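Notes follow once the structure below has been shown.
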Amino acid sequence: MSRADAQLLGQDMTAQAALLASGAVSCVELVTQQLAAIEASQAAINSYLHADAGAALAAAAESDARRRDGHGRALEGLPIAVKDNIDVVGMVTTAGMETRRGNAPAPADSPAVAGLRRAGALVLGKLNMHEAALGADNDNPFYGACHNPHRPGFTPGGSSGGSGAAVAAGLCAAALGTDTMGSVRIPASYCGVVGLKPSWGAVSTRGSVALCRRLDHVGPLARSARDLRLLLPAMAGYDPDCAQSRGIVFAPPREGPLRIGVVDFGDGAGIDGDVQTAFDEGLRLLSALGHGLQPLPAPGFASGRARRAGLLMCEAELLVEHADDWAGDRSRFSPLLAKLMGWAEGRSAAELAAASQRVDRAQVQLQQWLARCDVLAMPTAPQRAFAFGTPVPANQADLTAYANMAGNPALSLPLPVAAGELPVGMQLVGGIGEEYTLIGLAEALQQAMAWQPAIPDACTAWWPR
């Protein structure tokens with residue numbers, strides 16, 4: 001097995017890009033080390049469902065040639081990986097489902113993947129995920145559990161758990177995930193990386209396996225906020241072939257002190273005490289940067305009601321998305337997924353319409369909060385990562401779901417925690433098209449924290465040397 005330099009692979013994408021540009025490391029060297037780390041990690045983390053070493057090395061050699069010729073692009077030779085419900089040409093898109101294991105490979109890249117390739121990125125492979133993207137722990141019954149790199153036996157979050165784990169463990173420079181009620185941001189929070197859910201429609205969802213078209217987003221995960229400046233422009237753009245695509249014009253970042261909205265959830269959100277303590281420290285850092293904290297009232301109705309309404313919408317749409325397989329051998333669905341879809345089968349049209357109206361209420365609630373501030377701050381998830389085999393917290397997506405229901409951009413970044421503790425995330429939510437305000441604020445916070453990405457200590461147990 002080849003060795004892998006943890007210091008190199010633990011750097012963020014921006015730093016790796018600088019090393020490639022200077023010639024300090026070649027694209028082939030970077031990808032070779034990346035593949036060695038992937039191979040070594042699989043028994044412990046299981047973040048990849050498929051890695052294409054030959055294609056990745058061939059693309060890396062082409063990138064080295066482009067750089068030598070002076071034609072290097074913004075992401076030239078940087079290795080990314082893709083959640084396995086997003087199409088990559090020549091690779092099967094399983095969506096973490098047994099029903100799709102034998103499908104034909106995708107005939108084309110999804111628009112997000114195609115955009116990243118045009119910018120020079122290369123694709124290492126496809127990432128583990130929760131079955132059908134409807135779940136919170138990435139304990140996949142058909143492809144195996146994906147483990148949190150910070151603590152084996154613990155969830156990396158769902159449903160983009162493989163994306164969060166791979167980025168945290170240095171197994172790609174960045175990853176793509178999908179986010180329907182928090183599935184990019186929750187793994188980012190649990191794994192100690194940065195995750196962005198862009199404005200609804202800013203990144204085309206064509207070429208992905210739908211969970212709920214009203215709530216679905218494609219978004220990047222990376223090791224630092226500044227990496228999002230490289231990733232977002234390559235991914236975003238209006239797609240006339242996607243009904244959910246919108247011509248979002250990104251606003252320039254807001255200048256000067258911002259009004260940071262802080263919702264008084266009280267005990268209603270069930271935020272763990274240690275998460276609240278870390279979040280309060282994040283608010284203190286925002287204040288020290290000169291931003292003002294704007295207290296906001298508690299939500300007008302329980303956050304969990306909106307989350308449950310969104311869940312029903314997802315379950316109902318799965319019946320459409322997977323209709324042919326559902327009509328066949330249902331043993332190829334896990335018992336839990338079959339139970340959820342079967343329950344949705346018994347719901348009436350009126351119940352589905354009522355769920356949509358509850359989602360509307362959550363959208364209005366977020367709009368009302370943002371009318372009183374520039375950026376909303378809240379914990380990403382009410383808890384840290386939890387052990388496999390323990391009950392999944394019912395409130396896991398209560399705080400992230402608001403942004404999906406309203407279509408607003410939302411970003412999760414890791415907060416400072418004591419050595420050996422599991423990560424905690426802070427979520428920043430802005431107005432439609434205000435991604436760069438969120439990115440700039442997150443960058444400033446990471447600078448104030450003296451944030452330095454690094455491979456988690458637990459990875460030393462399997463790291464190739």
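No value in this document is a laboratory result; all are computed from the given coordinates. From a predicted model like this one, the values you see are computed outputs, not experimental measurements. When we count neighbours, we look across all protein chains shown, and the Cβ atoms used for this are built from the backbone with ideal geometry, even at glycine.
Per-residue answers, yes or no, for (1) surrounded by fewer than 21 Cβ atoms within 10 Å (Cβ to Cβ); (2) part of a helix (DSSP H, G or I):
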residue: F301; (1), (2): yes, no
residue: A306; (1), (2): no, yes
residue: G328; (1), (2): yes, no
residue: A338; (1), (2): yes, yes
| message | Looking at the stretch 264-275 only, could you name the residues that are surrounded by fewer than 19 Cβ atoms within 10 Å (Cβ to Cβ), touching a residue at least 60 places away in the same chain (Cβ under 8 Å) and either closer than 20 Å to A403 by Cα or of a type in the set (V, I, T) (or both)? | response | G270
| task | Go through (1) surrounded by fewer than 24 Cβ atoms within 10 Å (Cβ to Cβ); (2) in contact with an Asp or Glu (Cβ under 7 Å, 6 or more places away or on another chain) and name the single condition P198 misses. | result | (1)
| said: Tell me which strands (runs of 3 or more DSSP E) are completely within the stretch 108-220 and hold 2 or more residues being closer than 24 Å to G420 by Cα and not basic (K, R), or say none if there are none. | reply: 194-197
| Which of the residues belonging to the stretch 66-105 are surrounded by fewer than 22 Cβ atoms within 10 Å (Cβ to Cβ) and of a type in the set (V, I, T)? | V89, V92, T99
| message | Going residue by residue through the stretch 26-33, is there one that turns out to be of a type in the set (S, T, N, Q), within 23 Å of the chain's Cα centre (by Cα) and crowded, with 20+ Cβ neighbours inside 10 Å? | response | no
| request: Considering each residue of the stretch 407-433, count those that are surrounded by fewer than 24 Cβ atoms within 10 Å (Cβ to Cβ) and either part of a strand (DSSP E or B) or among the small types (G, A, S) (or both), and give that number. | output: 6
| Condition check for R361: in contact (Cβ under 8 Å) with a residue 12 or more places away in the chain and in a helix (DSSP H, G or I) | yes
| Applying the selection to the stretch 220-241, what residues are over 18 Å from T14 (Cβ atoms) and either of a type in the set (S, T, Y) or under 13 Å from the mean Cα position of the chain (by Cα) (or both)? | Y238
